[in-house]
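Below: the structure, in structure tokens.
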Amino acid sequence: MRKTIGLILLLSLFIVGCSNDAVEPVKKGDIPTDYLKDYYSNPQVTDDRTLIEVDQTISDEKGEATLKAINYINSTHEIGPVQLRIRDMKLIHLKPDYSLIDYFHVLTHDEEFDFVKVFVEIENTSSEKVNFAPIALLETSSGEKFDWEKDIYLEELNGELEGKASKKGNLGFIVEKSEDLEWIEITTSDVFDKDGSKIQDSQKIKIEF
């Protein structure tokens, strides 16, 4: 399954859609919270749902997390039959519990690090199965680039999406150049039908802190 997803994402990166949406911050008084109610905490990454103010720190059995920047976005993007809704973006400093150091060593040998994460909801508005990844590539204003394989959350948001089905969750990427981070730009995958044929080009979406 992972090889199939990888092939689809690789093919999708050869042609990038012309859309380049810029996402503006949401005013503090307009911040919604209902989208987090039925989200289950990730088994490897400290739960950030209560991290809402810069410099705030929380701890749980998975480690200690400090919020460095935040943007509540709540923007919706139509990518063929797929509706992608970006809810929030955070820059977090994480000190994983010792028991999880090996999990992160695949991506970094640092025992604590910064990462940028995005909470998304995806919905297939058609009745047919599609293949899609909300973040195939991510680039930061500091010049760092990551592909979907560097995601630390692994919440199965990439790949098959049944007709009329939806998913929600986090995607996160460890960054080395986090000082004065101004924006990230995500490139979605193309959208493919159940037979692997492309039915919609990818989109680029720029999000500012």
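The values are calculated or read from the model by the stated rules, or taken from the named source; none is laboratory data. A quick note: this is a predicted structure, and the numbers were derived from the prediction, not measured. Because the Cβ atoms are built from the backbone with ideal geometry, glycine has one as well, and the counts that use them run over all protein chains shown. What goes into the accessible areas is simple: the full protein's heavy atoms, side chains included, and nothing from ligands, DNA or RNA. Shrake-Rupley method; radii C 1.70, N 1.55, O 1.52, S 1.80 Å.
Tabulated data for the structure shown
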| quantity | calculated |
| --- | --- |
| Charged-residue dipole, Cβ positions (Lys, Arg, Asp, Glu), region 89-146 about Cα centre, Debye nearest 20 | 180 debye |
| Carbon and sulfur %, accessible surface of region 163-209 computed with the full protein complex present, 1.4 Å | 36 percent |
| Charge tally in the Cβ shell below 15 Å around Glu176, where Lys, Arg are +1 and Asp, Glu are -1, Glu176 excluded | -4 |
| Where labels lie 7 Å past Cα in the beta-carbon direction, separation of Gln44 and Glu128 in nm | 3.4 nm |
| Rh (Kirkwood; distinct C-alpha pairs) - region 76-132, Å | 14.1 Å |
| Summed side-chain charge close to Gly63 - residues other than Gly63 whose Cβ falls under 9 Å, Lys, Arg +1, Asp, Glu -1 | -3 |
| Net charge over other residues, Cβ less than 12 angstrom from the Cβ of Asp88 (K, R count +1; D, E count -1) | +4 |
| 25 °C / 0.890 mPa s Stokes-Einstein diffusion coefficient of region 162-209, Kirkwood radius on C-alpha pairs, µm²/s | 178 µm²/s |
| Share of pairwise Cα separations in region 106-209, more than 22 Å, in percent | 34 percent |
| 1.4 Å probe accessible area per residue over region 127-203, in Å² | 45 Å² |
| Flagged links, alpha-carbon separation over 30 Å, of Lys150/Lys198; Lys145/Lys167; Lys129/Lys177; Lys150/Lys204; Lys68/Lys198; Lys129/Lys206 | Lys129/Lys177; Lys68/Lys198 |
